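Asks: Right, I'll just put the structure down here and ask away after.
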Amino acid sequence: MNDITIDKTGWKKWRFDEVCRQVNTSSKDPVADGLEHVIGLEHIEPGNLHITKWDTLEKETTFTRKFVKGQVLFGRRRAYQRKVAYAEFDGICSGDILVFEAIEANLLPELLPFLIQSDGFFEKALATSAGSLSPRTKFKELADYEFLLPPKSEQKRLAELLWAADEMIEKEKKELEKIEEFKKYFISSNLLNGNKCISLKDLGTVIRGVSYKPEQVRDKYDSDAFVLLRSNNIDSNFRVNYNEVYYIDSVILKEDQNLCLNDIVICMSNGSKDLVGKAAEITSLNKDRISVGSFCAIYRPNNAIAKYLFQSSEYRNQIAILLSGSNINNLKPADIESVKFRIQERENLKEIILYLEHIDKTTERITLQLRASQQLKQELINKIF
């Protein structure tokens, strides 16, 4: 991508408020207005323009901000999370989501979501955010952001190129989803639904995450600090990402809290019940000292079968049962240890584990392809804007 050049001869400088307007439409009665989708910040995945999860009006909500298909949703709170979505349906959303639409005389609507995904725009959003715990930006603070744009005919070509790159990413995601679904089926058919009862306590140890004070946060990783992972670092594909980590004074890090290869990181508490219990395996360590925050826990397995049990539908079902009937989205170490499975006693267990490891290698290969595609798309966006 570095050898691709874009000729910007004839491009014109614009302000953000010259190509985009904020839409402040509300719905007092979403049911009467035919609105079914309710979107909170938790439903917008960082870096993903497509909304794949939402609430419905069956769940009580105070949201009234309306959006329609074709508009762009931007998470104004904690802009470093890079939450931008292209609305593919009508709905209502959180007040912490700004609704944008293109001024079509100057900007092709299909290009707007990519402009907002550019590094330059996010830098502007971060620089204009106010508030210590939950920094927020406003449209009026983003209005004077400047960038170059080509004529409308060239905008169309660039939009087609960027949406093609996005389509490739979505295809790779769907391929991963199919593999994960097959793996769950294989685990259920070949490991579970047997006669031998075993608990996660039998297969490993749960270690609490690190509690820290604001004054113990450091600016960078060095000999006196460690990397701290949080729930946002746990991906849905049982993998950990190292984006937006914290650096904490290492004096408070206990030896057993230092992550090891093959450890499993678990989200123990979250505002969204769906995310509680989410887990990921540590397959690589980019620093010597890495741990998790107090809203997470470390599971240190002593048996190779454990990680596949965490990836089973049965695990998610039991977590849902543990959380049912409670208004507090919180798990204790004893809850994780109590999760039980009825596994099959098979002579070919070693071969089954080897096959699952083969699936893992296929998943890792496609995951690397996906990350490369995402990086190429972002580099292209930044070259354009």
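Asks: Scan (1) surrounded by fewer than 19 Cβ atoms within 10 Å (Cβ to Cβ); (2) modelled with pLDDT of 95 or more for the single condition T283 breaks and write down its number.
Replies: In the conditions (1) surrounded by fewer than 19 Cβ atoms within 10 Å (Cβ to Cβ); (2) modelled with pLDDT of 95 or more, T283 misses (2) alone.
Asks: Looking only at the range 242-265, count how many residues are among the hydrophobic types (A, V, I, L, M, F, W, C), out of contact with any strand residue (DSSP E or B) (no Cβ under 6 Å at 6 or more places or on another chain) and closer than 16 Å to A279 by Cα.
Replies: The total comes to 2.
Asks: Related question: Pick out the one residue from G120, G131 that is modelled with pLDDT under 95 and not aliphatic (A, V, I, L, M).
Replies: G131
Asks: Is there any pair linking a residue in the range 173-186 that is under 20 Å from A372 (Cβ atoms) to one that is among the hydroxyl-bearing types (S, T, Y), with Cβ under 8 Å and at least six apart or on different chains, and which?
Replies: L176/T363; L176/T367; I179/T362; I179/T363; E180/T363
Asks: Sticking with this one: Here's a check for you: in the range 335-374, which residue that is in contact (Cβ under 8 Å) with a residue 12 or more places away in the chain and under 30 Å from P113 (Cβ atoms) is surrounded by the fewest Cβ atoms within 10 Å (Cβ to Cβ)?
Replies: So, considering only residues that are in contact (Cβ under 8 Å) with a residue 12 or more places away in the chain and under 30 Å from P113 (Cβ atoms), the one surrounded by the fewest Cβ atoms within 10 Å (Cβ to Cβ) is E364.
Asks: If I ask for residues that are over 20 Å from I384 (Cβ atoms) and in contact with a strand residue (DSSP E or B) (Cβ under 8 Å, 6 or more places away or on another chain), which ones from the range 110-137 would you list?
Replies: S129, A130, S134, P135, R136, T137
Asks: Can you name the residue in the range 1-39 that is touching an Asp or Glu at 6+ places or on another chain (Cβ under 7 Å) and in a loop (DSSP other than H, G, I, E, B) and is also surrounded by the fewest Cβ atoms within 10 Å (Cβ to Cβ) among such residues?
Replies: Ranking the candidates gives M1 first.
Asks: Tell me, please, whether a residue that is surrounded by fewer than 15 Cβ atoms within 10 Å (Cβ to Cβ) and of a type in the set (A, V, I, L, M) can be found in the range 261-270.
Replies: Yes, there is a match, as at least one residue in the range 261-270 is surrounded by fewer than 15 Cβ atoms within 10 Å (Cβ to Cβ) and of a type in the set (A, V, I, L, M).
Asks: Name the residue, out of F100, F147, that is touching a Ser or Thr at 6+ places or on another chain (Cβ under 9 Å), assigned to a strand (DSSP E or B) and over 30 Å from K307 (Cα atoms).
Replies: Matching residue, one of F100, F147: F147.
Asks: Count, please, the residues in the range 121-143 that happen to be part of a loop (DSSP other than H, G, I, E, B), surrounded by 12 or more Cβ atoms within 10 Å (Cβ to Cβ) and out of contact with any Pro (no Cβ under 8 Å at 6 or more places or on another chain).
Replies: 5
Asks: Of all the residues that make up the range 1-37, how many are touching a Phe, Trp or Tyr at 6+ places or on another chain (Cβ under 6 Å) and of a type in the set (A, V, I, L, M, F, W, C)?
Replies: 2
Asks: Note down all Cβ pairs under 6 Å where the first residue falls in the range 130-157 and is in contact (Cβ under 8 Å) with a residue 24 or more places away in the chain, the second is in a loop (DSSP other than H, G, I, E, B) and of a type in the set (V, I, T), and they're at least six residues apart or on different chains.
Replies: Every condition considered, the pairs that remain are T137/T128.
Asks: To continue, here is another question. Can you tell me which of S284, S272 is of a type in the set (G, A, S) and without any contact (Cβ under 8 Å) to a residue 24 or more places away in the chain?
Replies: On inspection, the qualifying residue turns out to be S284.
Asks: Could I ask something else about it? Going by the structure shown, is E45 modelled with pLDDT under 95 and acidic (D, E)?
Replies: yes
Asks: Could I ask something else about it? Output the qualifying pairs, or none if there are none: Cβ atoms under 6 angstrom, residues six or more apart or on different chains, first residue in the range 64-78 and within 18 Å of L115 (Cα to Cα), second residue basic (K, R) and surrounded by fewer than 20 Cβ atoms within 10 Å (Cβ to Cβ).
Replies: Pairs that qualify, where the first residue is within 18 Å of L115 (Cα to Cα) and the partner is basic (K, R) and surrounded by fewer than 20 Cβ atoms within 10 Å (Cβ to Cβ), are R76/R136.
Asks: Of all residues in the range 173-232, which are closer than 30 Å to E351 by Cα, in contact with a helix residue (DSSP H, G or I) (Cβ under 8 Å, 6 or more places away or on another chain) and not in a helix (DSSP H, G or I)?
Replies: L191, L192, S199, G204, V206
Asks: Quick one: is E58 surrounded by fewer than 18 Cβ atoms within 10 Å (Cβ to Cβ), more than 23 Å from K138 (Cβ to Cβ) and not assigned by TED's automatic domain parsing to the domain that holds K273?
Replies: Considered against the rule, which asks whether it is surrounded by fewer than 18 Cβ atoms within 10 Å (Cβ to Cβ), more than 23 Å from K138 (Cβ to Cβ) and not assigned by TED's automatic domain parsing to the domain that holds K273, E58 comes out as yes.
Asks: Go through (1) at pLDDT below 90; (2) in contact with a strand residue (DSSP E or B) (Cβ under 6 Å, 6 or more places away or on another chain) one by one and return the number of the condition P333 breaks.
Replies: So P333 meets the others, but not (1).
Asks: So C197 clears everything in (1) within 23 Å of P333 (Cα to Cα); (2) under 24 Å from the mean Cα position of the chain (by Cα) except one condition, right? Which one?
Replies: Only one criterion in (1) within 23 Å of P333 (Cα to Cα); (2) under 24 Å from the mean Cα position of the chain (by Cα) is unmet by C197, namely (2).
The values are calculated or read from the model by the stated rules, or taken from the named source; none is laboratory data. In this text the structure is predicted, and so the values were computed from the model without any measurement. Cβ coordinates were reconstructed from backbone atoms using ideal geometry, including for glycine residues, and neighbour counts include every protein chain displayed.
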